[in-house]
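The structure appears below as structure tokens.
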Amino acid sequence: MAGKLNILFITADQWRGECLSALGHEMVKTPHLDALAADGVLFKRHYANAVPCGPSRASLHTGMYLQNHRSGTNGTPLDARHTNWAKEAAKLGYDPVLFGYTDTSQDPREEDPESPWLLTYEGPLPGIRPVAMMGTWPTPWTDWLKANGYEVPADIRYAYGERAPGPEYEDGAAVPRPLIYPKEADDTSFLTDRVIDYIAESDKPFIAHLSILRPHPPFVAAEPFNAMYDPEAVPGFKRKTTHDEEAAQHPWLEHQLGRKLFRAPAVEKKLRRMKAVYYGLMSEVDEALGKVFAFLKESGRWDDTLIVFTSDHGEQMGDHWLLGKCGYFDASYRIPLIVRDPRKEADTARGTEIDLFTENVDIMPTMLDLIGAEIPVQCDGASLRPFLEGRAPATWRREAHWEYDFRDPADDSAEKRLNLTLHQCTMNIIRDEKFKYVHFTKLPPLLFDLEKDPDEFTNVANDPAYLPVVLDYAQRLLSWRMNHDEQTLTHISLTEDGPVTRRAARY
């Protein structure tokens, strides 16, 4: 087998980027991830390239921006012609395995018309072998619960949020209601234990993708994590006084705040309970990962295993009166990234923190680079290897970019409310240290002066003093899109001497 490096690729769903105690968060405690960062590299300005889960993970697993992979919503098929890190690693003899989910909507042209994968957006990434596949239907976990004497709801989809009896916090309870299952038996522990079992039985180099649901909703944590953080003490919410004041920022935001799914509850006590449990779920994931890290050390795998920890996107958690992930706000896109490279070449970089902008499209190139695989031309990102080895890249991006596709083939409410066509329900974002520019296909743009307005409350796109800035960032965004147009065959020319190939860097 060509490669000798193991890879443990971890995603924790919906994890806001600032929520690590290593970054000085005022409340969240993540000691095991902090220790991982101290032995690796912490990327402080890391961003997802799309939301929600399906589009974001399509970028994460293919190294491509949404404008190129075009899997824009949960359920939009990912074109089968695109490769991914699992397929490329398999070419070197690896057997990429999955614990959790990848939310990959299968290409219907490649499936039998009766395929069950055409009935869900939660298919597996092509090229990966599911060992314990869990998503909306957590069958491996609920089967295990039943086998171990636990009761499971008739509809197993609700097992993730099955609460213990009693009132909820906002109804008078002293602490948020816990999950009915103990922490040793919840979905996070189940998956991490299965990963440990797999690695223990593996006698060759492995690549395992551990895709953990938490801290994604439902916001219900097992004891003691349900009560780990006091709802009355959680940091406040970055928002205007009322929904209407917030909605005045932009027509899209007004529309979004009118959707029940994304609108934060008006009951302050309920929202604080949700935030406290959100933090508790993070600490629960941290503790479970600590067990995995300890096992790698005890089993002698620590010094030959690359560990990547990140997320698919963030969570609004009441900021701007929103819940979930959507739009253009940093809370939905800034996510954690820690990479622990076991190689000797990485020793000089251990414990460093990177302030430059990195993106999820960089993950696939990094993993392939470190196992000696060729990085496909389709990748819009770049390998983080120089940072891991304590070297400054010759060139690197100066800003972060992401896209949000809010079309919905099954619901035309946005089109009617905003006078758009289905294909006009899109926005593109560029942000650096000073400004954030948001461009819509057929709606007014937004510009935020992040030095004066870090919480993104004031749109200055129409302020005459900022018009040169709007022009500058609109041009930067256009240049970025032009530079990252799909380029699979553009580096090849057919000549009298046959095909001539010349690859070039994106930056």
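What to note about this one:
- Qualifying residue in region 4-15 (condition: small (Gly, Ala, Ser) and either farther than 19 Å from residue 278 by Cα or free of Cβ contacts under 8 Å to residues at least 60 places away in the same chain (or both)): no
- Residue satisfying condition, being assigned to a loop (DSSP other than H, G, I, E, B), charged (D, E, K, R) and under 30 Å from residue 322 (Cα atoms), within set 453, 485: 453
- Subset of region 443-465 (residues that are under 18 Å from residue 247 (Cα atoms) and charged (D, E, K, R)): 453, 455, 456
- In this structure, residue 44 does not qualify as surrounded by fewer than 18 Cβ atoms within 10 Å (Cβ to Cβ) and either of a type in the set (Lys, Arg) or touching a Phe, Trp or Tyr at 6+ places or on another chain (Cβ under 7 Å) (or both).
- Residue ID - modelled with the highest pLDDT, chosen from residues in region 400-415 that are part of a loop (DSSP other than H, G, I, E, B) and surrounded by fewer than 17 Cβ atoms within 10 Å (Cβ to Cβ): 412
- Restricting 214, 194 to residues that are closer than 24 Å to residue 8 by Cα, basic (Lys, Arg) and part of a helix (DSSP H, G or I) narrows the list to 194.
- When each of 75, 123, 54 is tested for being surrounded by fewer than 17 Cβ atoms within 10 Å (Cβ to Cβ), touching a Phe, Trp or Tyr at 6+ places or on another chain (Cβ under 7 Å) and small (Gly, Ala, Ser), the lone residue that passes is 75.
- Test: residue in region 69-85 that is touching a His at 6+ places or on another chain (Cβ under 8 Å), in a helix (DSSP H, G or I) and of a type in the set (Phe, Trp, Tyr): yes
- Members of region 217-235 found to be in a loop (DSSP other than H, G, I, E, B), among the small types (Gly, Ala, Ser) and over 24 Å from the mean Cα position of the chain (by Cα), listed by number: none
- Looking across region 331-345 at every residue that is touching a Phe, Trp or Tyr at 6+ places or on another chain (Cβ under 8 Å) and over 27 Å from residue 297 (Cα atoms), the one that is surrounded by the fewest Cβ atoms within 10 Å (Cβ to Cβ) is identified as 334.
Here's the yes/no breakdown for (1) surrounded by 15 or more Cβ atoms within 10 Å (Cβ to Cβ); (2) in a helix (DSSP H, G or I):
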position	(1), (2)
109	no, yes
114	no, no
117	yes, yes
127	yes, no
131	yes, no
137	yes, no
143	no, yes
146	no, yes
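- Qualifying residues in region 467-495 (those that are hydroxyl-bearing (Ser, Thr, Tyr) and under 32 Å from the mean Cα position of the chain (by Cα)) - the one nearest to residue 62 (Cα to Cα): 488
- Scanning region 454-499 for residues that are hydrophobic (A, V, I, L, M, F, W, C) and closer than 18 Å to residue 397 by Cβ yields 474, 477, 478, 480, 482.
The values are calculated or read from the model by the stated rules, or taken from the named source; none is laboratory data. Computed from a predicted model, the values in this text were never measured in an experiment. No Cβ is skipped: glycine too gets one built from the backbone with ideal geometry, and neighbour counts run over all protein chains shown.
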